[in-house]
Amino acid sequence: MPENGFNPKIVGFLCNWCAYSGADLAGVSRIQSSPTLRPIRVMCSGRIDPGFVFTALKSGADGVLLAGCHPGDCHYSEGNYLCLRRTLMMKKLLGGFGIDEERLRLEWISASEGDKYSKVSWEMENRIRELGPLELKQ
Amino acid sequence: MSDEGKPKVGFYVCHCGTNIAGTVNVDEVSDYVSGLPGVSVSRNYQFMCSEPGQDLIEQDIREQGLDRVVVAACSPMMHELTFRGAVGRTGLNPYLFQMVNVREHCAWIHSDPAAATGKAIALCNAAIERVVHQEPLFASEAPIYPDTMVIGAGIAGIQAALDLAQGGNQVYLVERDSTIGGNMARFDKTFPTLDCSSCILTPKMVSVAQTENVQILSMSDIEEVSGYAGNFRVRVRKRARYVTDACTSCQDCIAVCPVTVPSIFDMGMASRTAIHKTFPQAIPNSYLIEKDERPPCWSACPIGQEAAGYVALIGDGRFAEAAQLIRKSNPLPVVCGRVCYHPCEEQCNRGFVEEPIAIQHLKRFALDWEAQHNGEVKVPEPPVRHSEKVAIVGSGPAGLACAHNLAQRGYQSTVYEREEVLGGMLALGIPAYRLPREQLQQDIDFIRRMGVEFQTGVAFGRDVTLEQLRETGYGAIFVATGAHRGIAMHVPGEDLDGVVDAVQFLHNKALGESQPVGRKVAVIGGGNCGIDVARTILREGAEEVTVVYRRTRVEMPCEEHEAIDAETEGIRFLFLRAPVEVLGKDGKVTGLRVIEMELGEPDDTGRRRPIPIEGSEHDLGFDMVVASIGQRADLDYLEDDPGAGEMQLSPWGTLDVDAETFATNLPGVFAGGDAVSGPATVVAAMGAGKRAAEAIDKYLRGQPLEGFETHQVPAEIPRVEGRPHRYSKPYEEIERVPRTQMPKLEAETRIGGWDEVELGFTEEQAVAEAQRCLHCGVCVDCYQCVDACKPGAVDHSMKDEVDHLDVGQIMVSTGYKQFDPSVIPQYGYGRLENVITGLEFERMLSSTGPTDGKVLIDGEAPRSVAILHCVGSRDENYNRYCSRVCCMYALKFAHLVRERTEAEVYQFYIDMRAFGKGYEEFYTRIMDEGTTMVRGKVAEVIEAPEGSPGKLLVKAEDTLLGVRREVPVDLVILCPAMVPSDGSEELRQLLHLSQSADGFLLERHPKLDPIGTASDGIYIAGCAQGPKDIPDTVAQASAAASKMLGWMARGEMTIDPIKAEVQEELCGGCRVCNALCPYNAISWVEDKKVARVEEALCKGCGICVAACPASAIVGAGFTDQQIYAEIGGLLAV
Ligand code: FES
């Protein structure tokens, strides 16, 4: 529930094969996770266009989670490495715009890591709460 | 879309009983959605996946003219296909449907209904926004390859292969090991029926081997998997077996193989030879030779001498065979046994323990033994004889090696020698006390008997020219004229009487020419030649001989033992001095002015550079000075003979040849040895001669000069890390045994004459020294098996084979391995003798095992046995899961121990799990037989104190009685966890499969699809998926096979239309996407200068879509538009 009126919105881009399935496993195992995290399914973390991230932040997200398969495990070999590279670049850009780069987080979550999905969701919520709402000049 | 162009969306949220509706207020959700633009219908319903639920959708589509559907229910992994089916049945395109996961991703992970409902609404809003941008997509059907592959040939793989073969198509059964059968082949009996494991497994193994459409690929590794479901292409490497199918399993090879290593099949409790069959019923039913990284002594040898081979044979007392083996690749075996500088010893792995094996001395021993016992050695017959003849110029080690090798290849050659004696430097440079002339003669005679002709006293260029040789009819010429000219010191006084050149001095001595020696002699230079000349002059009667060297003892290039021998004989050494002038009087030498040196930084050779100390010059008195500072090639013939003069020279003044082929610039003329390399070693020259012979053979046969097989020393000697080979203990744990020292002639006797200084090993010494060998490589290339094999099945030249196999579907059944209990120190495994694992005990129980089925420790039956359950399973520190079979096999062990011994059996267990058919009954039966059950995890196993009735003491808390117990036993059997087998992780990554938290392969659904994987067309069965017993394993294997047969019968697979497509009009031709595609699915259309996606290759990851700077690539099903809409919708609430 909103604490001091702030109810963060976090968008999670989850790759179909690992992170999305990991989130499913969290569900099947009833591992409580943060409701602030709202997932979007993509086939691979390599599909995540930097535009998605910036649009999400512009459209009201206070944080963005990118989650893919562990290194070496990407269903398409190396989409996750590409995502990693893009994340580093995006973090730099965010910093340049005066947005705390911790609002963007990249995690490797395998299909068997329901607990990790949950843990990341809570950590992310807590961090975003500390950072407060993202206020962009329109 | 509907007539007005506005979409009409139908929305359905599922209660899933209380699964969703218990947390998410579904009424609120459907109410909310009903108010959204474009939504025509919004409902909630008990079970959307039920038939009435699906009917609801179909009915609405038909009656209300819906053109988009969103269902909020469980994970799309569960029911996306179900609802697409419903949509599709109405004639609407099934891809105009979007699913929202409000169960796994919402209701099940949130407890606060308001928050869950809020999130559900946001997710649904996103889907509604998204779905209007979705477009019809058309899945295609692709024919599937009817052939299948099963990876891992334990009982699961065998069963699946047998079932699949029923379909009539080809089945590839791929196995890493040399035999199929897996772990089950190790078991003695199986629970609960106690029937013999091999009695039920072996017939299956035989039957799969006999099934015509099953191809067993043993010793094979998967290297690459490409393609997609129905159309996989798998690259398989079949490791060389070195034994062909002609093998009859007669065991003759075993008797002659000198190497034994621990048998992995017998869990290291027995040993086997390098050539072996894993177990008697192994399939394929043929032997194999195990070759690890080749022995470094062989790699380091310029002639590829099988040193490890003959050392092993000597260690086995087979001296004649050892000598024979040496002769195989060594053209000058006797010479090498005495004067080779043995680079093999420098690389010998035994050096990591204490000192290298005395390989060279062992070689000499074998040859001496042969000479004493075997009379004249038979000359080998070449397999073919060629008519072409070859001329060889120079009878040194390079020329002789070349002649020898050519003779082996069936060519007759003539060796032309300038001097009257044969052998080049071997005869003219090396003094007789190191290499007695009759020894050298033995090797030359042998080569002569091979059909090589020798012409002495014929100087190339002067007595015979290149042109004349050609005209005589030689098809090729090998020039190996050596480096026989000494290098001058370039100091004043060098022309004084009493200054001589070392090479010339030794030369004259060898030819019997008389030459004076001084009383007090200085030899300048610390190379082998310097030591040779010093020791020769001492024998010639000099009173005092001093070797003057500009660096220190450690940098001296001569062999260490030569320097020691010289010193023992009385040679003096003066280090850190360089000559600056030879002093004289009346034209005669009176002394040497030297300057002192100090050592500076290391130079290119790694030796520290000597630097003169200014003002340190002083004079020393000598009446003879011998210069031994180097040699160079003597190429006068290039001037004498204009034909030969056309040969190109290198910048170093040596003959210039191609490094690979030894060919000079003149056709048919090859060169090697010191004349090419500058002064090097005997064995390096021999290596060059051998290689040149192969080149000449190719040249004469009209073949291109490539693909050489003659061994060449690699830049880096390959070796196994930390141990000599994979079965050995690490170096630190190998017992130290000092190297056997070579017996030598007393120093006083030595200088009195020319007798050989080194006396050679005795048989006992040789055997003891040879037994220090660690048998690197496992197979040591002694080739004894080749001769022993009557059907001729052994082929050491076999190579790995790489195959590309096209298969439609793949089943993975890579099984398990036993957890290594040595990581739990308190159980003492690996430290305490009588603590063994379950698989070790299985081997002990097996009638074909190391104890022939008897339960023995130290040769006696144990009086009491403890069996420890759950070792590494159900343990937070190691594996949390239950390995499922341990309880039952522990009971089986109890039964078998009692059946075969009188021993008391104690079971230490946590919980007794007897879940399978007949298991509980089995448990009761064993209880009735009288096994003591102790409920409690064992805290520690220790050595029993003196006087205890057992060898070990098992300490545990009996949690039922609440008391601590200390049970003395003779034997402890651990029941270790099952863990994924070696190599399964690499395979998992190749196949892009997921793993579950326990490290085993992840099934598609834990209950509804335990044999499927997230990847279509790939199935899993048996312990690869998780620990299980044999019946479950076999059931899974058959289940997977029948699924695969189902697809094969259908003949086609549906190909997901989620694919990328380039919009050519937008493509700017930057080609970023080309390089990124993991499947090389993007090609470049040159004439249009645009990229194009090959639909068949695209797997729909969308990497290129995200990367395209012009947004020219559309990822069907996940377009930018759809995802942006989804983001907008998700954040709007
Ligand atoms: S499929 Fe998960 S990151 Fe590529």
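A few points about this structure:
- Restricting segment B:275-294 to residues that are part of a loop (DSSP other than H, G, I, E, B) and touching a His at 6+ places or on another chain (Cβ under 8 Å), the residue that is most open to solvent (accessible area, probe 1.4 Å) is B:Glu293.
- The lone criterion from (1) outside any strand (DSSP E or B); (2) over 47 Å from the mean Cα position of the chain (by Cα); (3) of a type outside the set (Lys, Arg); (4) outside the structural domain of B:Glu639 (by TED's automatic domain parsing) left unmet by B:Cys558 is number (2).
- The criterion of being touching a residue at least 12 places away in the same chain (Cβ under 8 Å), of a type in the set (Val, Ile, Thr) and open to solvent by 40 Å² or more (accessible area, probe 1.4 Å) does not hold for B:Ile926.
- Residue match in segment B:974-983 (condition: at pLDDT 95 or above and closer than 23 Å to A:Ala23 by Cα): no
- Residue check, B:Pro1006 open to solvent by 50 Å² or more (accessible area, probe 1.4 Å), at the interface with another protein chain (Cβ under 10 Å from one of its Cβ atoms) and either more than 29 Å from A:Ala26 (Cα to Cα) or without any contact (Cβ under 8 Å) to a residue 24 or more places away in the chain (or both): yes
- Selection from segment A:87-117 of residues that are open to solvent by less than 30 Å² (accessible area, probe 1.4 Å) and farther than 13 Å from A:Leu14 by Cβ: A:Thr87, A:Met90, A:Leu94, A:Ile99, A:Arg103, A:Leu104, A:Ser112
- Test for B:Arg130: is it out of contact with any Cys (no Cβ under 8 Å at 6 or more places or on another chain), within 30 Å of B:Gly227 (Cα to Cα), part of a helix (DSSP H, G or I) and not acidic (Asp, Glu): no
- Selection status of B:Glu135, assigned to a strand (DSSP E or B), open to solvent by 30 Å² or more (accessible area, probe 1.4 Å) and in contact (Cβ under 8 Å) with a residue 60 or more places away in the chain: no
- Restricting segment A:22-70 to residues that are within 13 Å of the ligand (Cβ to nearest atom) and within 7 Å of chain B (Cβ to nearest Cβ), the residue that is most open to solvent (accessible area, probe 1.4 Å): A:Met43
- Any hit, segment B:27-46, residues being in contact (Cβ under 8 Å) with a residue 12 or more places away in the chain, farther than 19 Å from B:Ile57 by Cβ and within 60 Å of the chain's Cα centre (by Cα): no
- Answer residue from segment B:646-698, given it is open to solvent by less than 30 Å² (accessible area, probe 1.4 Å) and among the polar types (S, T, N, Q) and is nearest to B:Gly630 (Cα to Cα) among those: B:Thr654
- Strands (runs of 3 or more DSSP E) enclosed by segment B:1021-1133 - at least 1 residues per element that are within 14 Å of chain A (Cβ to nearest Cβ) and within 16 Å of the ligand (Cβ to nearest atom): B:1060-1062, B:1113-1115
- The one condition from (1) in a loop (DSSP other than H, G, I, E, B); (2) within 16 Å of the ligand (Cβ to nearest atom) that A:Gly98 does not meet is (2).
- Selection count, segment A:101-132, where residues are within 16 Å of the ligand (Cβ to nearest atom) and either out of contact with any helix residue (DSSP H, G or I) (no Cβ under 9 Å at 6 or more places or on another chain) or assigned to a strand (DSSP E or B) (or both): 5
- Condition met for A:Asp73 (within 10 Å of chain B (Cβ to nearest Cβ), surrounded by fewer than 24 Cβ atoms within 10 Å (Cβ to Cβ), over 26 Å from B:Gly1129 (Cα atoms) and away from the ligand (no atom under 16 Å from the Cβ)): no
- Test result for B:Pro1010, within 24 Å of B:His79 (Cα to Cα), of a type outside the set (Ser, Thr, Tyr) and over 33 Å from the mean Cα position of the chain (by Cα): yes
- Checking A:Cys15, A:Cys83 one by one, the residue that is more than 8 Å from every other protein chain (Cβ to nearest Cβ), free of Cβ contacts under 8 Å to residues at least 40 places away in the same chain and within 9 Å of the ligand (Cβ to nearest atom) is A:Cys83 and no other.
- Among the conditions (1) within 18 Å of B:Ala122 (Cα to Cα); (2) more than 7 Å from chain B (Cβ to nearest Cβ); (3) among the charged types (D, E, K, R), A:Arg103 misses just one, which is (1).
- Test: residue in segment B:723-737 that is in contact (Cβ under 8 Å) with a residue 24 or more places away in the chain and over 30 Å from B:Thr762 (Cβ atoms): yes
- Residue under evaluation B:Arg89, criteria (1) away from chain A (no Cβ under 14 Å); (2) out of contact with any Asp or Glu (no Cβ under 7 Å at 6 or more places or on another chain); (3) modelled with pLDDT of 95 or more, criterion not met: (2)
- Scan of segment B:956-991 for residues that are without any contact (Cβ under 8 Å) to a residue 24 or more places away in the chain and of a type outside the set (Lys, Arg), ordered by number: B:Glu957, B:Leu961, B:Gly962, B:Val963, B:Glu966, B:Glu985, B:Glu986, B:Gln989
- Taken over segment B:1079-1103, the criterion of being open to solvent by less than 40 Å² (accessible area, probe 1.4 Å) and of a type outside the set (Gly, Ala, Ser) is satisfied by B:Ile1082, B:Val1085, B:Val1090, B:Val1093, B:Cys1098, B:Cys1101, B:Ile1103.
- Test set (1) at pLDDT below 95; (2) over 15 Å from B:Gly268 (Cβ atoms) - B:Ile867 fails condition number: (1)
- Lone qualifier among B:Gly518, B:Gly570 - being touching a helix residue (DSSP H, G or I) at 6+ places or on another chain (Cβ under 9 Å), of a type in the set (Gly, Ala, Ser), open to solvent by 10 Å² or more (accessible area, probe 1.4 Å) and under 24 Å from B:Lys588 (Cα atoms): B:Gly518
The values are calculated or read from the model by the stated rules, or taken from the named source; none is laboratory data. On a predicted model such as this, the values are computed, not experimentally measured, just so you know. As a convention, Cβ positions derive from the backbone with ideal geometry for all residues, glycine included, and neighbour counts pool all protein chains shown. Protein only, heavy atoms only, side chains kept; ligands, DNA and RNA dropped before computing areas. Shrake-Rupley method; radii C 1.70, N 1.55, O 1.52, S 1.80 Å.
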